[in-house]
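One structure is given below, encoded as structure tokens.
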Amino acid sequence: MNDILAGLVEAGRLVVTLDPDLIEITLRSLQVTVTATVIAAAIGLPFGAWLAVNRFRHRRATIAVMNALMGLPPVVVGLIVYILLSRSGPFGVFGLLFTPAAMIIAQVIIITPLIASISHQAIRDLWAEYHDLLISLNTTKRQRIHALLWDGRRALLTAALAGFGRAIGEVGAIMIVGGNIDHATRVLTTAIALETGKGNFALALALGFVLIALAILVNFLIHGLSRTESESRW
Amino acid sequence: MVAPILPLTLSAAIVKRQGRRLIGPVDCTIEAAGTTIVMGPNGSGKTTLLRLMHGLERAREGRVAWAVDEPATRAHQAYVFQTPIMMRRSVVECIAYPLLTHGTGRREARARAEEWAARVGLGDALGRMATVLSGGEKQKLALARALIRRPQVLFLDEPCANLDGRATREIESILAEARADGVRIVMSTHDMGQARRLADDVLFLLNGRIHEAAMAWPFFAEPATPEARAFLKGDIVE
């Protein structure tokens, strides 16, 4: 109990004093996670919509695989990305290992199936509702997907936020591919793991509270900006 | 000058779903002018017939033929569903949508949508979300959305079901204007009074087949079949 209280006090102190290390790793966490979320959303949202609208062979199998990939073990993803980006790997020439770019790649792989799957569910329901209308209006496939993505944007925002939530709390993969290097690839989660390993529970908890506060803040910010709760908008 | 897409001819058309015949064989011709009312008891196939004509259902057997190639007809038809499908957009955006998907510029589409919203009595609701409109307002929006591209043929599936007398009168007034503008109307209804007010000719369906096809006046005055007579009297017809 004392550790938790000490953690809260320490978190308050770090925030109030604008601790330079905290600011740095918080910004890096945001940079990596937001970039990964944007890339994963750019892939996952249209893919989810495309899956909802199109009928093709092996569609059910594709959906089953996509849903299964939501549970991808981050450590395994980290290991695979590590092998691919290591000097002897096929992409070693780019020198991405132990950089924020490698962390972004790993996070994109982890959260794209999650975003695609949630968006597929949301768009599938909307497509069931819009199907006859969009066919009747003689829209093209591209126009249908666009209409579904636009009109389903609030549900899709939830999908993106779920991806953001998973990415910002992720530690296994980014620890492996980022290396937790101070002033280079250290982010909130890897810093927490490090401080816990050192037995510095108060600081680890403080960073944990900052992480939770950050996730809540970003969610509020995005909901606020998109005015999801305003009158008649849900 | 747009080529006329009518007449529409159905020849021995059959619609099946999961092996079960929903309607057919159906033979009929929709000529270029007037209002056709499709009548019949529940489950007789009114909705399926309209959907088949519009292309939302495919004929498993037989033929559905327009005066021009089928793909070219799609832009000149519109359909109003029994339960209006409302996009999650404002009233003006919903009405403008069919124009935007067919190459009209955003500004012009909005101006025409505002004009149509005013015509159907939704001029004060332009910015409201379509999903929160009343049943009558939703149906008026659906009509404006259907008519904004000046279709040659308008299919309506019981557009006044669940509407009160006032909303029904407003819808009928919009339909009368559309008819006067040269729009060919094919509409199903359960409302006998409405059928009498609007019909130029009638298709009476029973068990998935056209049981009687006639001009409106003789049909209502002297139906040719005992089933149609019983239906008009309000008896249960199966």
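The values are calculated or read from the model by the stated rules, or taken from the named source; none is laboratory data. Not measured: the values here are computed from a predicted model. Reconstructed Cβ throughout: ideal geometry from the backbone, glycine too, with neighbour counts over all protein chains shown.
Filtered by the rule that a residue be surrounded by fewer than 22 Cβ atoms within 10 Å (Cβ to Cβ), within 7 Å of chain B (Cβ to nearest Cβ) and within 33 Å of the chain's Cα centre (by Cα), region A:129-144 gives A:Glu129, A:Thr139, A:Gln143.
Note on region B:64-85: residues that are more than 10 Å from chain A (Cβ to nearest Cβ), outside any loop (DSSP other than H, G, I, E, B) and surrounded by fewer than 14 Cβ atoms within 10 Å (Cβ to Cβ) amount to 2. Counting the residues of region A:8-57 that are buried (at least 18 other Cβ atoms within 10 Å of the Cβ) and over 26 Å from the mean Cα position of the chain (by Cα) gives 1. The residues on offer are A:Ile118, A:Ile111, A:Ile123, A:Ile135, and the sole one that is in a helix (DSSP H, G or I) and under 24 Å from A:Arg28 (Cβ atoms) is A:Ile111.
What is the number of the single condition among (1) closer than 28 Å to B:Ile30 by Cα; (2) within 14 Å of chain A (Cβ to nearest Cβ) that B:Asn162 does not meet? So B:Asn162 meets the others, but not (2). Looking at B:Ala167, is it more than 15 Å from the chain's Cα centre (by Cα), small (Gly, Ala, Ser) and modelled with pLDDT of 90 or more? Considered against the rule, which asks whether it is more than 15 Å from the chain's Cα centre (by Cα), small (Gly, Ala, Ser) and modelled with pLDDT of 90 or more, B:Ala167 comes out as no.
Can you find, within region B:100-157, the residue that is nearest to B:Pro7 (Cα to Cα) among those that are small (Gly, Ala, Ser) and within 12 Å of another protein chain (Cβ to nearest Cβ)? Within region B:100-157, the match that is nearest to B:Pro7 (Cα to Cα) is B:Ala146.
Taking region B:1-53 as the range and being at positive phi, surrounded by fewer than 16 Cβ atoms within 10 Å (Cβ to Cβ) and of a type in the set (Gly, Ala, Ser) as the test, the residues that pass are B:Ala12, B:Gly19, B:Gly43.
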